[in-house]
Amino acid sequence: MINDRYGIPRRFREANKDNAWLIATCAYCEERILLKLEVESEPYILNYFPKGNPPSPPQEIPDIVKKIYAECLTCWHYKCARACASMIGATLEEICNEQGAPKDNKEMLGTKISYLRSKDVITERIKNSYEALSWLRNDAIHLNKDITLEDCENGMLLLEEIINEIYTLPLRKREIRDKYKKKK
C-alpha cells in the first residue's frame, strides 16, 4: 500500500474524495480519537475530537462551586459560547450561595451580589465584575442575544478574577502568614 506525503494510504484518499473520518489512537494519552481529514484542500486539514481535556478548577474552591465551575470550563474548552455564558452565571450563583447570600430562588443574581457587597464579602471592584458577568448570563439565557467567543473569553477572565479574590488569594495569604509565623 503506497502512502502519499501526508501518510494517508492512496486507496483511502481515492475512496474519500471530500472528507474522511478515521478512528485513531492518541500518541500522548493512548485514548481513542476521531479524526476528520478534509482531503479536498492541500495540505490536508486535520481536526480531531475530542479537543483534549478541559482545564481543572482550582483545588482551593469548595466542591459545590468546583462542580459547576468544571462544567463552565468544559463549555469554554469546547467553544460552546451560549452554554459557557450560562455556566458562568450558574457559577456566580453558586459562589453567592456558598458565600452566604440568601438562597431564595426568587432572589435575583444582582440582589445576591449586592448582599455580598453589603457584608464586605466582596470588594466594589469584584462587585463590578460580578455585575458584568450577570449581564452576560442574562444575554445568554433570557435575551437570546448572540454570544461570541470573545464575550466568553472576557467573561472567563472576570470569573477567574472573582474566584482568585474569594478563594485562591485568601488561602495563599494564610499559607504565607503561617509559614512566617513558624519561623519566629
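If the chain linking residue 119 and residue 161 were pulled fully straight, counting 0.36 nm for each residue of separation and taking away their Cα-Cα distance, it would gain 13.2 nm.
Could you list 84, 96, 152 so that the one with the fewest beta carbons within 10 Å of its beta carbon is first and the one with the most is last?
Result, fewest neighbours first: 96, 152, 84.
What separates the Cα centres of the stretch 51-104 and the stretch 112-184 is a distance of 11 Å. Sorted fewest first by neighbouring Cβ atoms within 10 angstrom, 64, 113, 141 come out as 64, 141, 113.
Only the coordinates and a few stated rules stand behind these numbers; no lab work does. The structure presented is a predicted model; accordingly, all values stated were derived computationally and were not measured. Here the Cβ is made from the backbone with ideal geometry for all residues, glycine too, and neighbour counts use every protein chain on show.
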